[in-house]
Amino acid sequence: MHRTANRSGYHWPLEAVGPVGERLLDAFKRLFDAFGPQHWWPADEPFEVCVGAILTQNTSWNNVSRAISGLKSKGLLNVDALYQVPVDSLAAAIRPAGYYNLKARRLKGFVDFLVSRHEGSLERLFSLGLESARQALLEVKGIGPETADSILLYAGGLPTFVVDAYTMRALRRHDLVDDDIGYEDVRALFMDYLASDVALFNEFHALWVALGKGFCKRGMARCDACPLRDL
DNA sequence: TGCCAGGCCGGGT
DNA sequence: ACCCGGCATGGC
């Protein structure tokens, strides 16, 4: 695989499989031209990514950001502290993130899983490899496919594609997929038709979110300013 | 003011 | 195999 440092400024592998891959790549180029590099995930270290991935379930990042700051200020943003802290204290600490009772249990469940099955080490988990680590994460109550893939890609540096509500909505609205397609099939679309590259998957997913925030919102029809217009 | 936000689970068809 | 209600705060 050649990593281009081409005149257009992209530094991702731009090969694609067939017309489907070319279309996805066209979307990527347009989004990058429109929004530029997104610098995801917004976190200082891998464990913070995991916590953020759970806290941001159906919740705006602004609220999550407050909760993360709260955890940091209380010294709770590490495996040992989260393992020890009572669930009610944790719930109070993440209050701004919403669903705080639910998410406190999910965070505890994730940390329990890390400690009991993987020696409290994310590196041990990720060393299982992409699909094995993914299966393991999906066993944890409160970690579904999107949360698992966010953790694997943005904390683990493993080449999986994250599909969220923004991605799904944009793909459907621009007729890149059928309306009734599911999570796993969309994930496979990106992974099968594009080069398996962490930097590309990182930027591409973040760009779908940028598009969703800017143009492809719920209740908004196809708009003239959308970078994917007439894709 | 009501709707929306970077999901997932459990119970019911 | 879907479908739906529940979970909760903060921004616009």
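Can you tell me which residue among A:ALA81, A:ALA67, A:ALA93 is aliphatic (A, V, I, L, M) and either in the same structural domain as A:TYR193 (by TED's automatic domain parsing) or under 21 Å from the mean Cα position of the chain (by Cα) (or both)?
Result of the check over A:ALA81, A:ALA67, A:ALA93: A:ALA67.
Return yes or no: is A:PRO19 surrounded by fewer than 17 Cβ atoms within 10 Å (Cβ to Cβ) and assigned to a helix (DSSP H, G or I)?
So A:PRO19 passes the test.
Which ones in segment A:147-201 are among the basic types (Lys, Arg) and more than 14 Å from the chain's Cα centre (by Cα)?
Residues satisfying the conditions are A:ARG169, A:ARG172, A:ARG173.
Is it true that some residue in segment A:40-52 is out of contact with any helix residue (DSSP H, G or I) (no Cβ under 6 Å at 6 or more places or on another chain), within 13 Å of DNA strand C (Cβ to nearest atom) and either outside the structural domain of A:SER121 (by TED's automatic domain parsing) or farther than 21 Å from A:CYS216 by Cβ (or both)?
Looking for residues that are out of contact with any helix residue (DSSP H, G or I) (no Cβ under 6 Å at 6 or more places or on another chain), within 13 Å of DNA strand C (Cβ to nearest atom) and either outside the structural domain of A:SER121 (by TED's automatic domain parsing) or farther than 21 Å from A:CYS216 by Cβ (or both), one finds none in segment A:40-52, hence no.
Among the residues of segment A:97-113, is any more than 16 Å from DNA strand C (Cβ to nearest atom), more than 22 Å from A:HIS39 (Cα to Cα), over 20 Å from the mean Cα position of the chain (by Cα) and not hydrophobic (A, V, I, L, M, F, W, C)?
So far as segment A:97-113 goes, yes, one or more of its residues are more than 16 Å from DNA strand C (Cβ to nearest atom), more than 22 Å from A:HIS39 (Cα to Cα), over 20 Å from the mean Cα position of the chain (by Cα) and not hydrophobic (A, V, I, L, M, F, W, C).
Just to be sure I understand, how many residues within segment A:182-208 are touching a helix residue (DSSP H, G or I) at 6+ places or on another chain (Cβ under 8 Å) and more than 16 Å from A:ALA148 (Cα to Cα)?
Summing the residues that are touching a helix residue (DSSP H, G or I) at 6+ places or on another chain (Cβ under 8 Å) and more than 16 Å from A:ALA148 (Cα to Cα) in segment A:182-208 gives 9.
Kindly check whether there is at least one residue in segment A:210-221 that is within 18 Å of the chain's Cα centre (by Cα), among the aliphatic types (A, V, I, L, M), farther than 21 Å from A:GLU15 by Cβ and buried (at least 17 other Cβ atoms within 10 Å of the Cβ).
yes
Tell me, which helices (runs of 4 or more DSSP H) wholly within segment A:79-178 include 1 or more residues that are in contact with a Phe, Trp or Tyr (Cβ under 7 Å, 6 or more places away or on another chain) and away from DNA strand B (no atom under 14 Å from the Cβ)?
The qualifying helices (runs of 4 or more DSSP H) are A:79-84, A:87-93, A:100-118, A:122-126, A:130-138.
Suppose we filter segment A:44-58 for residues that are more than 13 Å from the chain's Cα centre (by Cα) and assigned to a loop (DSSP other than H, G, I, E, B); how many remain?
Residues flagged as more than 13 Å from the chain's Cα centre (by Cα) and assigned to a loop (DSSP other than H, G, I, E, B) within segment A:44-58 amount to 2.
For segment A:101-114, indicate whether the set of residues that are surrounded by fewer than 18 Cβ atoms within 10 Å (Cβ to Cβ), in contact with a Gly (Cβ under 8 Å, 6 or more places away or on another chain) and hydrophobic (A, V, I, L, M, F, W, C) is non-empty.
So far as segment A:101-114 goes, yes, one or more of its residues are surrounded by fewer than 18 Cβ atoms within 10 Å (Cβ to Cβ), in contact with a Gly (Cβ under 8 Å, 6 or more places away or on another chain) and hydrophobic (A, V, I, L, M, F, W, C).
Could you tell me whether segment A:181-196 includes any residue that is acidic (Asp, Glu), in contact (Cβ under 8 Å) with a residue 60 or more places away in the chain, within 14 Å of DNA strand B (Cβ to nearest atom) and out of contact with any Gly (no Cβ under 6 Å at 6 or more places or on another chain)?
No; the residues of segment A:181-196 include none that is acidic (Asp, Glu), in contact (Cβ under 8 Å) with a residue 60 or more places away in the chain, within 14 Å of DNA strand B (Cβ to nearest atom) and out of contact with any Gly (no Cβ under 6 Å at 6 or more places or on another chain).
Looking only at segment A:26-43, decide whether some residue is within 16 Å of DNA strand B (Cβ to nearest atom), in a helix (DSSP H, G or I) and touching a Pro at 6+ places or on another chain (Cβ under 7 Å).
yes
The values are calculated or read from the model by the stated rules, or taken from the named source; none is laboratory data. Given the structure is predicted, the values throughout are model-derived calculations rather than measurements. Virtual Cβ from ideal backbone geometry, glycine too; neighbours counted across all protein chains shown.
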